[in-house]
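**Student:** Encoded as structure tokens, here's the structure I'll be asking about.
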Amino acid sequence: MNGSWWQDTVVYQVYLRSFADTDGDGVGDLEGLRLRLDYLRDLGVDGLWLNPIYPSPGADHGYDVSDYTDIDARYGGLPAFDRLLADAHARDLRVLMDLVPNHCSAAHPWFQAALAGDPAARERFIFRPGARPPNNWRSAFGGPAWSKAGDEWYLHSFDAGQPDFNWRNPEVAAYFEEVLRFWFDRGVDGIRIDVAHMMFKHADLPDWPDHAEYNILAQNQPEVHDVLRRWRKIADGYGRDLTLVGEVWVPAIDDLALYLRPDELPQAFYFDLLLCPWDAARFRASIGGGLEQIAATGATLTWTLANHDVHRTVSRYGLVSYTDGPPTRPRGTVDVALGVRRARAAMMLLLALPGSVYLYQGEEAGLPEVLDLPDEARQDPTWLRSGTADYGRDGCRVPLPWTASGPSFGFSSSERTWLPQPDWFGEFAIEPQIGRPGSTWELHRRALEIRRGIGGPLEWIPADRRDVVAFRRGDLASVTVFGDEPYAVPWGEPLLASADAGPGTVAPSSTAWFRV
């Protein structure tokens with residue numbers, strides 16, 4: 001594993017529908033991304049991860065896949081993907097695909113055959129007879145996890161349009177091994193595995209006791225590790241240093257470590273830090289715990305603070321009063337200026353850590369969450385399945401503002417985008433920030449540039465205040481002040497700061513890097 005590119009890479013997550021549109025339909029496409037590959041190279045990332053772009057009816061905008069070995073024609077099809085891959089590689093940018101093995105679309109030929117009564121096809125999914133649902137499991141999107149099809153029920157851990165595969169059927173395992181080979185043969189550099197911990201369910205499908213927060217019966221089953229070992233063997237067999245990145249939501253860090261054994265996943269997202277509020281003690285405990293327990297496996301940490309499923313960091317860290325919502329999507333009053341300041345600081349802290357980092361599109365511009373989308377515009381299935389109690393994930397998926405004015409702020413030639421952009425989006429436009437000293441985009445670019453010279457293990461630097469997190473890697477020291485008072489640093493040459501302060505001082509709610 002030593003020296004693998006993915007151990008310290010920075011990958012830019014592309015939610016393609018919302019990145020850049022070239023054909024004027026208000027939906028992002030592969031050509032829009034291809035034409036902005038120089039933008040990603042200039043920003044300083046090492047690669048990109050594409051959320052699912054396979055053919056899909058769009059019940060969950062790509063996470064309901066109807067064909068795993070093709071690209072949706074709305075995005076340009078396989079020819080557009082091949083052009084993107086070639087041009088990305090020409091710029092030394094790695095490309096990762098997103099694989100969805102827990103479930104497919106109800107439009108997938110296998111499920112359509114199952115509905116038509118094909119016995120072999122039905123065995124590829126989880127069907128059970130009965131007048132009532134087989135158990136009390138709930139969908140992650142709200143409502144029951146079972147829907148009726150004829151005289152039987154089928155399991156869907158998410159939307160009813162996303163039936164779960166039966167991973168105890170060897171045909172399912174064989175199918176996905178071929179899918180992996182298809183994309184590796186095509187030249188991709190890695191695969192992000194959606195809900196990698198959920199492929200297997202308890203064989204007896206018993207009731208979920210008391211609806212505990214984490215349904216252990218529907219996820220984190222021991223059999224999943226055998227599948228991931230086979231996939232790791234396939235990836236390693238190519239001799240190209242490919243990676244597999246697991247999306248693994250488990251109750252504890254030691255559970256996550258089980259997925260990162262030398263013959264299993266090379267990488268799995270460490271979500272614990274993403275779940276931390278703006279608090280020094282929580283950040284330090286999360287970083288320390290992750291480094292201690294994940295390092296014991298021989299793996300490196302895979303860090304992120306934002307993605308397509310959670311509120312943007314500006315709005316999470318700028319929350320000054322809480323109303324409702326889960327930790328990843330809290331609602332309440334947001335101080336945007338405070339959120340931007342803290343998000344800038346958190347980004348610098350993150351990029352100083354050992355391991356790999358995944359950045360979600362738009363974070364480099366300091367975009368806040370769009371919290372006030374019109375109800376009629378919302379498309380996340382969580383919104384309806386929760387009875388409109390959970391506002392869902394649409395707010396972090398609104399198409400990017402590239403310019404301060406013009407049709408859809410430069411995203412498309414069309415005024416109408418698949419999710420509406422708010423009037424204030426132009427204030428956070430990307431292109432006006434490029435080259436502007438002090439902008440959030442330039443802070444990202446410079447931090448990514450400096451990061452390439454950072455090396456060595458993390459060593460904590462003692463601080464005489466509880467609201468300060470300080471550590472050293474090689475000759476770089478990172479100091480983050482979580483509180484409201486500046487912090488004096490008696491050593492080091494200033495390199496970069498997320499907020500201005502006097503000489504030898506770190507400003508409140510900011511991070512500064514020093515050469516020591």
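**Student:** Here is a list: ASN166, ASN215. Which entry is surrounded by fewer than 22 Cβ atoms within 10 Å (Cβ to Cβ), touching an Asp or Glu at 6+ places or on another chain (Cβ under 7 Å) and farther than 20 Å from PRO52 by Cα?
**Tutor:** Numbers: ASN215 fails: touching an Asp or Glu at 6+ places or on another chain (Cβ under 7 Å).
From the options ASN166, ASN215, the qualifying one is ASN166.
**Student:** Among the candidates THR302, THR297, which residue alone is over 26 Å from VAL336 (Cβ atoms) and buried (at least 22 other Cβ atoms within 10 Å of the Cβ)? Walk me through how you get there before you give the answer.
**Tutor:** Details: THR297 fails: buried (at least 22 other Cβ atoms within 10 Å of the Cβ).
Exactly one of THR302, THR297 is over 26 Å from VAL336 (Cβ atoms) and buried (at least 22 other Cβ atoms within 10 Å of the Cβ), namely THR302.
**Student:** Considering each of ASP226, ASP210 in turn, give the residue that is surrounded by fewer than 18 Cβ atoms within 10 Å (Cβ to Cβ), more than 19 Å from VAL172 (Cβ to Cβ) and out of contact with any Ser or Thr (no Cβ under 6 Å at 6 or more places or on another chain). Full working, then the answer.
**Tutor:** Values: ASP226 fails: more than 19 Å from VAL172 (Cβ to Cβ).
Every option except ASP210 fails the conditions.
**Student:** In the stretch 282-292, is there at least one residue being surrounded by 18 or more Cβ atoms within 10 Å (Cβ to Cβ), among the charged types (D, E, K, R) and closer than 25 Å to TRP183 by Cα? Before you say what the answer is, go through the steps one by one.
**Tutor:** Going residue by residue through the stretch 282-292, those that are surrounded by 18 or more Cβ atoms within 10 Å (Cβ to Cβ) are 283-284, 286-287, 290-291.
Subsequent filtering for residues that are among the charged types (D, E, K, R) retains 284.
Next, only the ones that are closer than 25 Å to TRP183 by Cα stay: none.
Scanning the stretch 282-292, I find no residue that is surrounded by 18 or more Cβ atoms within 10 Å (Cβ to Cβ), among the charged types (D, E, K, R) and closer than 25 Å to TRP183 by Cα, so the answer is no.
**Student:** OK, next. Pick out the one residue from THR323, THR388, THR328, THR382 that is under 30 Å from GLN162 (Cβ atoms) and assigned to a strand (DSSP E or B).
**Tutor:** On the way: THR388 fails: assigned to a strand (DSSP E or B); THR328 fails: assigned to a strand (DSSP E or B); THR382 fails: assigned to a strand (DSSP E or B).
Answer to the check: THR323.
**Student:** Sticking with this structure for a sec: Find the residue count for the stretch 391-418, including only residues that are surrounded by fewer than 20 Cβ atoms within 10 Å (Cβ to Cβ) and in a loop (DSSP other than H, G, I, E, B).
**Tutor:** 8
**Student:** Filter the stretch 124-143 down to the residues that are crowded, with 16+ Cβ neighbours inside 10 Å and part of a strand (DSSP E or B) and list them by number.
**Tutor:** PHE125, PHE127, ARG138
**Student:** When the residues of the stretch 251-271 are filtered to those that are surrounded by fewer than 18 Cβ atoms within 10 Å (Cβ to Cβ) and either in contact with a Phe, Trp or Tyr (Cβ under 6 Å, 6 or more places away or on another chain) or of a type in the set (Asp, Glu) (or both), which remaining residue is nearest to LEU217 (Cα to Cα)?
**Tutor:** Only one residue tops the list, namely PRO251.
**Student:** Collect the residues in the stretch 419-458 that are part of a helix (DSSP H, G or I), in contact (Cβ under 8 Å) with a residue 40 or more places away in the chain and not hydrophobic (A, V, I, L, M, F, W, C), keeping them in residue-number order.
**Tutor:** Listed by number, the residues that qualify are GLN433, THR440, HIS444, ARG445, ARG446, GLU449, ARG451.
**Student:** Within the stretch 459-470, is even one residue among the aliphatic types (A, V, I, L, M), assigned to a loop (DSSP other than H, G, I, E, B) and modelled with pLDDT of 95 or more?
**Tutor:** Just the residues of the stretch 459-470 that are among the aliphatic types (A, V, I, L, M), to begin with: 461, 463, 468-470.
Still in the list and also assigned to a loop (DSSP other than H, G, I, E, B): 461, 463.
Within this subset, residues satisfying the condition of being modelled with pLDDT of 95 or more are 461.
Within the stretch 459-470, one or more residues are among the aliphatic types (A, V, I, L, M), assigned to a loop (DSSP other than H, G, I, E, B) and modelled with pLDDT of 95 or more.
**Student:** Oh, and also: Select, from ALA470, ALA501, ALA488, the only residue that is crowded, with 20+ Cβ neighbours inside 10 Å and free of Cβ contacts under 8 Å to residues at least 24 places away in the same chain.
**Tutor:** Details: ALA501 fails: crowded, with 20+ Cβ neighbours inside 10 Å; ALA488 fails: crowded, with 20+ Cβ neighbours inside 10 Å.
Checking each option against the conditions leaves just ALA470.
**Student:** Now for a separate question. Just to check your reading of the model, which residue among ALA268, ALA281, ALA285, ALA306 is under 26 Å from ARG473 (Cβ atoms), in the same structural domain as PRO222 (by TED's automatic domain parsing) and in a loop (DSSP other than H, G, I, E, B)? First the steps, then the outcome.
**Tutor:** Values: ALA268 fails: in a loop (DSSP other than H, G, I, E, B); ALA281 fails: in a loop (DSSP other than H, G, I, E, B); ALA285 fails: in a loop (DSSP other than H, G, I, E, B).
The unique qualifying residue is ALA306.
**Student:** From the list ARG385, ARG312, ARG342, which one is among the basic types (Lys, Arg) and over 21 Å from GLN433 (Cβ atoms)? Let's see the steps before the verdict.
**Tutor:** On the way: ARG312 fails: over 21 Å from GLN433 (Cβ atoms); ARG342 fails: over 21 Å from GLN433 (Cβ atoms).
Matching residue, one of ARG385, ARG312, ARG342: ARG385.
**Student:** ALA404 - would you say it is touching a strand residue (DSSP E or B) at 6+ places or on another chain (Cβ under 8 Å) and of a type in the set (Gly, Ala, Ser)?
**Tutor:** Working: touching a strand residue (DSSP E or B) at 6+ places or on another chain (Cβ under 8 Å): no; of a type in the set (Gly, Ala, Ser): yes.
Answer is no for this residue.
The values are calculated or read from the model by the stated rules, or taken from the named source; none is laboratory data. Remember, it's a predicted structure, so these values are computed and weren't measured experimentally. With ideal geometry, Cβ positions are generated from the backbone for all residues, glycine too; neighbour counts draw on all protein chains shown.
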